[in-house]
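Asker: Before I ask anything, here is the structure I am working with.
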Amino acid sequence: MKRQLISISALIFFCVISSCKKTETISDFDENIRIYMSETVDGEKRVLNLNCYTEKIFTCSNYGIETTYALSDNKITIHFIKVTTPTVCLTSLGPASVIISLNGLKNKAYQLELNFGASKITGQLNVTSGSFVATVPAQTKVEFVNPDLKRIPDNTIYGTVHYHSASTSTLAQKFIDTLQLYGALPTLYPQGDYGQFQIEANGQIKQTQDLGYYFTRYYIFNYSGNSGQLKDLVRRFGINYPDLLIITLNTIKGETFYSWTQ
């Protein structure tokens, strides 16, 4: 019986040691990392996404990055462990990537710790009601592509109208005007990068030309009404003008309405 107890104790000790080895995050991660911040909302919560990708381009576009991370009251700790090889290769070229989603961030300054095997880089993520600002020292290992990400204010709707003929601009304007008839209000927004669009110094949304279309019209409004009528409006324009306009409308509730889906 005593011999059995000794054997069981030895087995438990071995399992504990093995478990510790499995959670070890020390590695030889040699790649340089770029991080693009974005925020997603669904009406109930807001999530900061750290879209991490390697500076190096691989032969498959679906290489991954194995990571672990921890979020505490005052600190965000991320371990970059290794680049993972996909089972099936998407043959287009691309970086290895991973998305780290941070939910429940409070409006405060967090210490930021980024670990790459034996090396460590520390910085700060300052969260406010209006922005996420990431700060790291000057080096080549990690870089935030958009270190100052503005947050989309409550009661905001935004989107695009795409079309292929200059003569269709009046129809695009008709959609914009109808939004305002439904209660959408023009508002001046703080200048900066909001991830899905940019606001210029005059407080207006930046008009950029999207690839694949001859004309693009960006819009943004303050809207606190029922989103159901916005969905119906986009749908109606899609039914009436299927070959002339392509409309996308996003709400702060996380909804997205498309004119080509009925």
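The values are calculated or read from the model by the stated rules, or taken from the named source; none is laboratory data. None of the values given here were measured: they were computed from a predicted structure. For neighbour counting, all protein chains shown are included, and Cβ atoms are generated from backbone atoms with ideal geometry for every residue, glycine included. Areas reflect the complete protein model, heavy atoms only, side chains present, ligands, DNA and RNA absent. Shrake-Rupley method; radii C 1.70, N 1.55, O 1.52, S 1.80 Å.
Asker: Are any residues in region 88-126 surrounded by fewer than 15 Cβ atoms within 10 Å (Cβ to Cβ) and in contact with a Lys or Arg (Cβ under 9 Å, 6 or more places away or on another chain), and if so, which ones?
Answerer: Correct list: Asn103, Gly104, Gln111, Ser119.
Asker: If you don't mind, there's one more thing I want to ask. Could you check Gly254 against (1) modelled with pLDDT of 95 or more; (2) within 22 Å of Val41 (Cβ to Cβ); (3) open to solvent by less than 80 Å² (accessible area, probe 1.4 Å) and say which number it fails?
Answerer: Gly254 satisfies all of (1) modelled with pLDDT of 95 or more; (2) within 22 Å of Val41 (Cβ to Cβ); (3) open to solvent by less than 80 Å² (accessible area, probe 1.4 Å) except (1).
Asker: From the list Gly94, Gly104, Gly123, which one is within 27 Å of Gly43 (Cβ to Cβ), touching a strand residue (DSSP E or B) at 6+ places or on another chain (Cβ under 8 Å) and of a type outside the set (Asp, Glu)?
Answerer: Result: Gly104 is the single residue among Gly94, Gly104, Gly123 that is within 27 Å of Gly43 (Cβ to Cβ), touching a strand residue (DSSP E or B) at 6+ places or on another chain (Cβ under 8 Å) and of a type outside the set (Asp, Glu).
Asker: What are the residues in region 192-205 that are surrounded by 14 or more Cβ atoms within 10 Å (Cβ to Cβ) and free of Cβ contacts under 8 Å to residues at least 24 places away in the same chain, if any?
Answerer: Gln198, Gln204
Asker: Turning to a different aspect of this structure: Do you know which of the residues in region 127-164 that are open to solvent by less than 20 Å² (accessible area, probe 1.4 Å) and touching a helix residue (DSSP H, G or I) at 6+ places or on another chain (Cβ under 8 Å) is nearest to Asp243 (Cα to Cα)?
Answerer: Val161
Asker: Could you please tell me which pairs satisfy a Cβ distance under 9 Å, a separation of 6+ or placement on different chains, a first residue in region 74-87 that is without any contact (Cβ under 8 Å) to a residue 60 or more places away in the chain and among the charged types (D, E, K, R), and a second residue that is surrounded by 16 or more Cβ atoms within 10 Å (Cβ to Cβ) and in a strand (DSSP E or B)?
Answerer: Cβ pairs passing all conditions: Lys75/Tyr110; Lys75/Leu112; Lys75/Glu113; Lys82/Ile65.
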